[in-house]
Amino acid sequence: TNEFALFHAKQGLVLFVAEVICFIVSIVPFFAVILAFVGVPILVGLSLWGMVLAFRGLMQKIPLVSTIAETIIV
């Protein structure tokens, strides 16, 4: 297996799951406002950061995301 691809796939999976959870939680109006101004920009920023790292060929860990991603067993 390609260690580089697996590294970024795991981090991407963690971010995707977090985005889906935010979407589901945003059904509640109070949480929708909080997520719109805090959660979504953070997740989009982390996703863009991860994409830039992957395009540059770097295997840099994204804080908290990589901690969760390392627990994924493939």
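For the chain, what relative contact order do you get, as a whole percent, if you take Cα pairs closer than 8 Å and at least 6 residues apart?
After rounding, I find 47 percent.
Could you give the length gained on full extension between Phe31 and Arg56, defined as 0.36 nm per residue of separation minus the Cα-Cα distance, in nm?
5.5 nm
Helix 3-25 against the longest principal axis of the chain: what's the angle in degrees, Cα atoms only, rounded to the nearest 10?
The helix 3-25 is inclined about 10 degrees to the chain.
So for the pair Leu13, Val38, with labels modelled 7 Å out along Cα→Cβ, what separation do we get in nm?
2.9
Provide the per-residue ³J(HN,Hα) series for segment 65-73, in order, calculated from phi with Karplus coefficients 6.51, -1.76, 1.60 and θ = phi - 60°, each as a whole number of Hz, with x at glycine and proline positions.
4, 5, 4, 6, 4, 5, 7, 6, 9
Add +1 for every Lys or Arg and -1 for every Asp or Glu among the other residues with Cβ under 14 Å from the Cβ of Gln11, and state the total.
-1
FRET efficiency for Ile24 and Ile68, Cβ-Cβ distance as r, R0 = 25 Å, nearest 0.05?
0.90
By how many degrees, between 0 and 90 and to the nearest 10, does the Cα long axis of helix 40-56 differ from the longest principal axis of the chain?
10
Bear in mind these aren't lab numbers, they're just calculated from the coordinates by the rules spelled out. Every value quoted in this text rests on a predicted model; they were computed, and no experiment measured them. For neighbour counting, all protein chains shown are included, and Cβ atoms are generated from backbone atoms with ideal geometry for every residue, glycine included.
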